[in-house]
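Just below is one structure, and these are the notes that go with it.
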Amino acid sequence: MGALGIAELIALTVIMAVPVSIFAAAVVYLVRLARKGPEATLAGALKRRELA
């Protein structure tokens, strides 16, 4: 396997950013759920959806 060029490194970074962002979003959601409880978390999500 040869050395990676700049284009391949950029592509690899973009591809790896997707699962990392999904994992980070899941962690943030679980922390909110643990701190506020399911009712407050879902109410906040509905409120943000109405404002958008």
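Between helix 6-36 and the chain there is an angle of about 20 degrees, using the helix long axis and the longest principal axis of the Cα atoms. For the chain, the longest principal axis of the C-alpha atoms and the axis of helix 38-51 are separated by about 80°. A Förster radius of 25 Å, combined with the Cβ-Cβ distance separating F23 from R48, puts the computed FRET efficiency at roughly 0.70.
Summed over the residues of the chain and divided among them, the accessible surface reaches 91 Å² per residue at a probe radius of 1.4 Å. Note on the chain: with charges restricted to the Cβ of Lys and Arg (+1) and Asp and Glu (-1), its dipole about the Cα centre is near 360 debye.
The 1.4 Å probe gives accessible areas that order V27, V20, largest first, as V20, V27. Among residues other than L42 with Cβ under 12 Å from its Cβ, the summed charge is +4 (Lys and Arg +1, Asp and Glu -1).
For the chain, the share of accessible area belonging to carbon and sulfur comes to 73 percent (1.4 Å probe, ligands and nucleic acids excluded).
The values are calculated or read from the model by the stated rules, or taken from the named source; none is laboratory data. Only a predicted model underlies this, so the values are computations on that prediction, with no experimental measurement involved. Cβ atoms come from the backbone with ideal geometry, glycine included; neighbour counts cover every protein chain shown. Note: accessible area is taken over every heavy atom of the protein model, side chains too, but ligands, DNA and RNA are not part of it. Shrake-Rupley method; radii C 1.70, N 1.55, O 1.52, S 1.80 Å.
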